[in-house]
Amino acid sequence: MMLWALWLGIVASLLGTATADVSAVYQDPDTGLTFSQSFALYKSDGRGITFRVAIPASAATYTAFDTVIQVVVPNDVGWGGLAWAGSMTRNPLLVFWRGSNNAPVISSRWANGHSTPTSYTGASYTLYKTGTKSNSTHWQFTAICQGCTSWAGDGGAIRYLSPRGGNRLAFAYSPTKPSSSSNTSTIAVHEVHGYWTHDFSAAANSNYDAAVEKFQK
């Protein structure tokens, strides 16, 4: 595993592209949810961003459903991003960084081409104190997204993420922090990006609604 991770890091540093580790299951003591988890490597020394997804067990195929997104971020990350359809363009994007007083800033964005993503109102995020914390090396946020699992793609056709299997996601990393805490701040071009297939079937929670009701804003 160590050699494999090192090789991915070398690829990332040379080509600006990396892949994520395989999905795992994470039982979160703070939220009470079961998450499907993937680790996205962006440095050859093993540093990476952890992405966790939890969904309701009642989520049906070809329908929109809410999802809890939990992200663990090393302190050296200037900004990070998640593409819900595994591509920079024409799908909901989540951009995140630490703002004033080290509070998480999360921004819903969209890009029609390979240019700076702009604000996107089709997906919205609610940040919660539950599952949001930091220590000397990492920070973590937990949010609920509405509009991340369904959107209008090319030609207006509606696309859906599958709650029953794997979905291709993507991430981006930049060491350059945005200049302000506004969630519409301009972001620098990413230095590393990568892709993986995230197992949404392992993210299903029968207690989803009850757990979310206990979250503190």
ask   = Just wondering, is there one or more residues in the range 62-74 that are of a type in the set (Phe, Trp, Tyr), on the phi > 0 side of the Ramachandran plot and surrounded by fewer than 21 Cβ atoms within 10 Å (Cβ to Cβ)?
value = yes
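So, in the range 132-158, how many residues would count as being farther than 20 Å from Ala57 by Cα and either in a loop (DSSP other than H, G, I, E, B) or not hydroxyl-bearing (Ser, Thr, Tyr) (or both)?
Qualifying residue count for the region: 16.
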task = Out of the residues in the range 160-177 that are surrounded by 15 or more Cβ atoms within 10 Å (Cβ to Cβ) and not aliphatic (A, V, I, L, M), state the one that is nearest to the chain's Cα centre (by Cα).
result = Phe171
key: Subset of the range 80-107 (residues that are hydroxyl-bearing (Ser, Thr, Tyr), out of contact with any strand residue (DSSP E or B) (no Cβ under 6 Å at 6 or more places or on another chain) and either crowded, with 20+ Cβ neighbours inside 10 Å or over 18 Å from Leu169 (Cα atoms) (or both))   = Ser100
ask   = Of all residues in the range 178-213 being within 30 Å of Ala24 (Cβ to Cβ) and of a type in the set (A, V, I, L, M), which is surrounded by the fewest Cβ atoms within 10 Å (Cβ to Cβ)?
value = Ala210
note = If you go through Ser44, Ser23, the only one that is out of contact with any Asp or Glu (no Cβ under 9 Å at 6 or more places or on another chain), more than 18 Å from Ala143 (Cα to Cα) and at pLDDT below 95 is Ser44
ask   = For Leu161, are the conditions met, namely being out of contact with any His (no Cβ under 6 Å at 6 or more places or on another chain) and not hydroxyl-bearing (Ser, Thr, Tyr)?
value = yes
request  = Check whether at least one residue in the range 188-198 is of a type in the set (Gly, Ala, Ser), in contact with a His (Cβ under 8 Å, 6 or more places away or on another chain) and over 20 Å from Ala59 (Cα atoms), and report yes or no.
outcome  = no
note = Taking the range 159-207 and keeping residues under 19 Å from Pro74 (Cα atoms), assigned to a loop (DSSP other than H, G, I, E, B) and either among the aliphatic types (A, V, I, L, M) or free of Cβ contacts under 8 Å to residues at least 40 places away in the same chain (or both) leaves Ser179, Ile187, Ala188, Val189
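The values are calculated or read from the model by the stated rules, or taken from the named source; none is laboratory data. The shown structure was predicted, so the numbers you read here are calculated from the model rather than taken from an experiment. No Cβ is skipped: glycine too gets one built from the backbone with ideal geometry, and neighbour counts run over all protein chains shown.
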